[in-house]
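The values are calculated or read from the model by the stated rules, or taken from the named source; none is laboratory data. Every value quoted in this text rests on a predicted model; they were computed, and no experiment measured them. Glycine gets a Cβ as well: all are built from the backbone with ideal geometry, and neighbour counts include every protein chain shown. SASA here: full protein model, heavy atoms, side chains in, ligands and nucleic acids out. Shrake-Rupley method; radii C 1.70, N 1.55, O 1.52, S 1.80 Å.
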Amino acid sequence: MVDSVIPRIYTGKSESDGREPYIPSPELIEAVNLTIFLQKRPLLLKGEPGCGKTRLALAVADELKLPYESWYIQSTTRAKDGFYTYDAIARLQDAQLAQHDEQKRSKVNDPKNYIKLGPLGRAFENSLEKSQRKFENSLLKSQRTVVLIDEIDKADIDFPNDLLQALDEACFPIQETGEEIKANPKQPPIIFITSNDEKDLPDAFLRRCLFHYIKFPKESELINIINAHFPKSQPAVIGAAVRRFQLLRNKMEENIGKTGKKVSTSELIDWFTILREYPEDEALSKLEGELPFAGVLLKYWKDYRDYLLPSREEKNESR
């Protein structure tokens, strides 16, 4: 078994101060530990929206007490932005003022003053001893950094390939200064990449990643998730809410292609946040009738028509 070879560093059991709990599956815990062990292989995560892909990286950073960097990808994002940005406009403005200001003239002459490290750049620097860092960094000791690259499929088709060499070699050049930022090979960042499958990723990129698909939780797992978020809630209300939610989701899966989107775990948590404010008998009564607070779960008008009024048979199944 893998557990006998790969150290179990991430357990998924830590509780973060002031943060929502995160309940990973055993398979996901194993995937995280493989990523930590293999060092230079990022973990590519896929799954339905709302399944917890984005929150995993922060949960790992919290448990392992490591620095955390997030990089949220947009359609205009360039791979270089993750490493550093160069503010040429600020340098030009300073150059115009430098004629009568010796201090500004000294600043303009050093392009390093206009470079700002991105999430991956800061993660590479964090791995170095303080004396080796080329840019100001507040960390006192070298350590691994957890990095989230969120929704990589939103970027241009060339974006993943533009990351390949830097991720493979754990280094990147700064063209404006001629310097190179190279991560400590013993402390490389732990990288999590999420994708919603809006577009296919290049094979060369996929070859360099570990992969895990986050499946939708089973009913018992949904109950555990609700218990973790709301530990003082009534078990009867939790059970009834999860059954009603699961019934709705099962119906949506039967009508795949007809519904806009299936309800997700994050929506279940929002929905239960409202339900738990009612006394137990009132909450159970609401769950027996028309789907309560439907706007939290249903996001398309056709879903309102199809699922808002459950049949008598569905009501009996939910008991």
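Could you run the Debye sum over the Cα atoms of the range 19-62, one equal point scatterer each and no solvent, and tell me log10 of I(q)/I(0) at q = 0.27, 0.28 Å⁻¹, two decimals? The Cα Debye sum returns log10 ratios of -1.16, -1.22. The apolar share of the surface of the range 8-62, taken as the fraction of accessible area on carbon and sulfur atoms (1.4 Å probe, ligands and nucleic acids excluded), comes to 50 percent. Here the sum of -39500 (n - 2.57) over DSSP H runs of 4 or more residues, divided by the residues of the chain, equals -12000 deg cm²/dmol at 222 nm, to the nearest 500.
Shape index of the range 56-132: Rg/Rh, with Rg the Cα radius of gyration and Rh the Kirkwood radius from the inverse mean 1/r over Cα pairs, equals 1.13. A crude spin-label estimate for the pair Leu140 and Thr273, with each label 7 Å from Cα along the Cβ direction, gives 3.6 nm.
What you get for the range 132-259, charging only the Cβ of Lys and Arg (+1) and of Asp and Glu (-1), is a dipole of about 980 debye around the Cα centre.
Antiparallel versus total DSSP beta bridges in the range 139-206: what percent is that, nearest 5?
Working: 4 of 8 bridges.
If we restrict to bridges inside the range 139-206, about 50 percent are antiparallel.
State which entries of Lys53/Lys302; Lys107/Lys186; Lys53/Lys182; Lys65/Lys134 exceed 31 angstrom in Cα-Cα distance in the structure shown. From Lys53/Lys302; Lys107/Lys186; Lys53/Lys182; Lys65/Lys134, over 31 Å: Lys107/Lys186. Phi-derived couplings, Karplus 6.51 cos²θ - 1.76 cosθ + 1.60 at θ = phi - 60°, listed residue by residue for the range 158-165: 7, 4, x, 5, 5, 8, 4, 5 Hz, with x used for Gly and Pro.
Projected onto planes of every orientation and averaged, the convex hull of the alpha-carbon atoms in the range 181-286 covers 11.1 nm². Where both residues lie in the chain, what percent of DSSP beta bridges are antiparallel, nearest 5? Roughly 30 percent of the DSSP beta bridges within the chain come out antiparallel.
With the full set of protein chains in place, find how many percent of the accessible area of the range 193-269 is carbon and sulfur; take the probe as 1.4 Å. With neighbouring chains kept in place, the figure for the range 193-269 is 50 percent.
When GluC sites (Glu not before Pro) are flagged only if DSSP places them in a loop and at most 11 other Cβ atoms lie within 10 Å, the longest unflagged stretch of the chain comes out as 16-128.
Taken over the range 141-215, the ratio of Cα radius of gyration to 2.2 N^0.38 Å equals 1.23.
Compute the accessible area per residue over the chain, keeping the other protein chains in place, probe 1.4 Å, unit Å².
The answer is 55 Å² per residue.
Note on the chain: Kirkwood radius taken over Cα pairs, Stokes-Einstein applied at 20 °C and 1.002 mPa s, translational D equal to 95 µm² s⁻¹.
In this label model, Gln165 and Leu97 are separated by 3.7 nm, measuring between points 7 Å along each Cα→Cβ vector.
Computed about its Cα centre, the charge dipole of the range 182-241 is approximately 380 debye, with only Lys, Arg, Asp and Glu carrying charge at their Cβ. Measuring r between the beta carbons of Phe293 and Tyr72 and using R0 = 25 Å, the FRET efficiency lands at 0.30.
Gain on full extension, evaluated as 0.36 nm per residue between Ser220 and Lys13 minus their Cα-Cα distance, stands at 72.8 nm. Please identify which residues in the range 151-176 have an amide N closer than 13 Å to a label point set 7 Å out from the Cα of Lys40, following the Cα→Cβ vector. Backbone N within reach: 164-172.
Just so you know, the Cα atoms of the range 108-185 work out to an Rg and Dmax of 13.6, 39 Å.
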